[in-house]
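**Q** To start, I am sharing the structure in question, which I have written as structure tokens.
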Amino acid sequence: MLALDGGDRIASVFPGTHVMSNGFRHLPGWLDAQAQAALLADLETVIARAPFYRPVMPRTGKPFSVEMTNCGPLGWVSDQAGGYRYQAAHPITGTPWPAMPDRLLTLWAEVSNWPGPPEACLVNRYRAGARLGSHADTDEAEPTAPVVSISLGDDAVFHLGGLRRDHPKQRMWLRSGDVVVLGGQSRLFYHGVDKVLAGSSQVVPGGGRINLTLRRVTP
Ligand code: MD6
Ligand code: FE
């Protein structure tokens, strides 16, 4: 009998799904309008307790164009003194990150094929002109677990390269409600957000795009 992995199973019941042999999956429209609104309402609670802030790059101190916050036991942060890392508290307020909404734990369980829950949810907000340069997610001590990403708001051009920065890149649109899974080999592939089409949706309060990435951090 042919063994189906989670991606194949999902693809067979969810048209439009893009499953690559390297473990990358794009699930367009995984969240419908109602589910997106419910998730944004959850995020309002998160943001009220853990406001967006603008991290800076480790070596240069240059600010990111993307604003960030986190929920869950751990959050990803970056500053000039300590570099890229995970920590349990918000770097500005000093208080623990708020709990991860149940809705995110459920989504992770549905798409990750990973036995345990996620430990960190990084929330990226792109207002007009923000982008995210090509990077690989390598700050987690458990790189065999996938990273699951959820897009809300304006349409974005996402690129997926390979294990090296100079590997050819594939580009695709990520739209509100889309879920992306970087699993298997693709987990350590370079990727980034080239541009966001400002005003292409009305989903995010105040405009723009929000991307959530759910991660395992500890082995
Ligand atoms: C973004 N996403 O879509 C940025 N990382 O705004 C990421 O950096 C990302 O989509 C790891 C796995 C999936 C992703
Ligand atoms: Fe990333």
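Residues are listed down the side, and each one gets a yes or a no for (1) at positive phi; (2) away from ligand 1 (no atom under 16 Å from the Cβ); (3) open to solvent by 10 Å² or more (accessible area, probe 1.4 Å); (4) small (G, A, S):
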| site | (1), (2), (3), (4) |
| --- | --- |
| P51 | no, yes, yes, no |
| R59 | no, yes, yes, no |
| K62 | no, yes, yes, no |
| V66 | no, no, no, no |
| N70 | no, no, no, no |
| L74 | no, no, yes, no |
| G82 | no, yes, yes, yes |
| Y86 | no, no, yes, no |
| A89 | no, yes, yes, yes |
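**Q** Can you name the condition, by its number, that R164 falls short on among (1) within 14 Å of ligand 2 (Cβ to nearest atom); (2) at pLDDT 95 or above?
**A** The single condition R164 does not satisfy is (1).
One line per residue, one yes/no per condition, for (1) open to solvent by 10 Å² or more (accessible area, probe 1.4 Å); (2) under 26 Å from R54 (Cα atoms); (3) more than 13 Å from ligand 2 (Cβ to nearest atom):
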| site | (1), (2), (3) |
| --- | --- |
| P101 | yes, yes, yes |
| A120 | no, yes, no |
| D137 | yes, yes, no |
| D154 | no, yes, yes |
| V157 | yes, yes, yes |
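**Q** If you don't mind, another one. Report, by residue number, each residue of the stretch 171-219 that is in a strand (DSSP E or B), closer than 25 Å to S21 by Cα and not aliphatic (A, V, I, L, M).
**A** Of everything in the stretch 171-219, those that are in a strand (DSSP E or B), closer than 25 Å to S21 by Cα and not aliphatic (A, V, I, L, M) turn out to be R171, W173, H191, G192, D194, N211, T213, R215.
**Q** Looking for something in contact (Cβ under 8 Å) with a residue 12 or more places away in the chain, closer than 19 Å to R127 by Cα and away from ligand 2 (no atom under 16 Å from the Cβ) - is there at least one such residue anywhere in the stretch 55-75?
**A** Yes.
**Q** In addition: Out of the residues in the stretch 124-135 that are within 15 Å of A198 (Cα to Cα) and open to solvent by 30 Å² or more (accessible area, probe 1.4 Å), state the one that is farthest from ligand 2 (Cβ to nearest atom).
**A** The extreme case among them is A128.
**Q** Also, quick follow-up: So which residues in the stretch 184-219 are farther than 21 Å from V46 by Cβ, more than 12 Å from ligand 2 (Cβ to nearest atom) and charged (D, E, K, R), if there are any at all?
**A** Within the stretch 184-219, D194, K195 qualify.
So that you can scan it fast, the table gives a plain yes or no per residue for (1) among the basic types (K, R); (2) more than 26 Å from K62 (Cα to Cα); (3) in a loop (DSSP other than H, G, I, E, B):
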site	(1), (2), (3)
W76	no, no, no
M100	no, yes, yes
R103	yes, yes, no
L107	no, yes, no
N113	no, yes, yes
P117	no, yes, yes
R125	yes, no, no
A128	no, no, yes
S149	no, no, no
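**Q** From R131, R103, R125, which residue is touching an Asp or Glu at 6+ places or on another chain (Cβ under 9 Å), more than 16 Å from ligand 1 (Cβ to nearest atom) and modelled with pLDDT of 95 or more?
**A** Just one listed residue meets the conditions, R103.
The values are calculated or read from the model by the stated rules, or taken from the named source; none is laboratory data. Small disclaimer: the values here were computed from a predicted structure and weren't measured. Neighbour counts run over all protein chains shown; Cβ positions are idealised from the backbone, glycine included. We work out accessible area using only protein heavy atoms, side chains counted, and drop any ligands, DNA or RNA first. Shrake-Rupley method; radii C 1.70, N 1.55, O 1.52, S 1.80 Å.
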